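Let me begin by presenting the structure, written as structure tokens, before commenting on it.
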Amino acid sequence: MGEPFVVSRCQYTLGNLYWEKGDRKKAIHHFEVSLDASSPNWHNVLFWTHYFLAQLFYDEGRFDDAYAHMGHAKLHAANNHDINLLAKAAGRRAVFLHGQQRFEEARSEALGALDLYQKLGAAGQVERVGKLLLQIDSDAQANGRSGHPSCA
């Protein structure tokens, strides 16, 4: 794969290291450099880089950036025909939406993740997403809003 791959992976690794150290600014910088060095066909590398950038931006309250990067992550998972990564992106997006009290959207994303994990036979992930759905519905009810379309 050559030098661009090495540069991309090194920058990706630096992004992870800075994130673990709590330096979000440097983590974002290195993840963005990793994206710039990546080939459009490196779907797995690009998925994870966008996925982590989405989480960093969400944590900073930069929701538009977070959703944009999660959208890119989902595209790379789809282009790579990776159902597991698609499910992971949908699940993380559901968590983001839930955190913003966007319960109906969160529920929809979580149901999408649940369906994909069921197709994969990933029992542990099915259980985890099931718990998320219960939490979404509980929080929606507590806030006087429905997370479940049939309860609207």
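Only residues that are part of a helix (DSSP H, G or I), under 19 Å from the mean Cα position of the chain (by Cα) and either aromatic (Phe, Trp, Tyr) or surrounded by fewer than 15 Cβ atoms within 10 Å (Cβ to Cβ) (or both) were counted in the stretch 33-44, giving 1.
Residue by residue, here is whether (1) small (Gly, Ala, Ser); (2) more than 23 Å from Trp42 (Cβ to Cβ); (3) in contact (Cβ under 8 Å) with a residue 60 or more places away in the chain holds:
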| residue | (1), (2), (3) |
| --- | --- |
| Gly71 | yes, no, no |
| Lys74 | no, no, no |
| Asn80 | no, no, no |
| Ala90 | yes, no, no |
| Arg93 | no, no, no |
| Arg102 | no, yes, no |
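Candidates Gln101, Gln125: the one that is out of contact with any helix residue (DSSP H, G or I) (no Cβ under 6 Å at 6 or more places or on another chain) and modelled with pLDDT of 95 or more is Gln101.
Would you mind finding the one in Leu56, Leu120, Leu116, Leu97 that is within 30 Å of Leu35 (Cα to Cα) and in the same structural domain as Asn41 (by TED's automatic domain parsing)? One residue alone meets the criteria, Leu56.
If you check Leu134, Leu111 for being without any contact (Cβ under 8 Å) to a residue 12 or more places away in the chain, outside the structural domain of Trp42 (by TED's automatic domain parsing) and on the phi < 0 side of the Ramachandran plot, only one passes: Leu134. From the residues in the stretch 104-125 that are more than 25 Å from Val45 (Cα to Cα) and among the aliphatic types (A, V, I, L, M), which one is nearest to the chain's Cα centre (by Cα)? Top of the filtered list is Ala106. A single entry from Ser150, Ser146 fulfils the requirement of being outside the structural domain of Leu56 (by TED's automatic domain parsing) and either touching a helix residue (DSSP H, G or I) at 6+ places or on another chain (Cβ under 6 Å) or at pLDDT 95 or above (or both): Ser146. Applying a threshold of 9 Å to beta carbon distances and a minimum spacing of six or more residues, or different chains, the list of pairs starting in the stretch 1-12 at a residue that is outside the structural domain of Val45 (by TED's automatic domain parsing) and farther than 11 Å from Ser39 by Cβ and ending at one that is of a type outside the set (Lys, Arg) and part of a helix (DSSP H, G or I) is empty.
The values are calculated or read from the model by the stated rules, or taken from the named source; none is laboratory data. Being a predicted model, the structure only gives us computed values, none of them experimental. All Cβ positions, glycine included, derive from the backbone under ideal geometry; neighbour counts span all protein chains shown.
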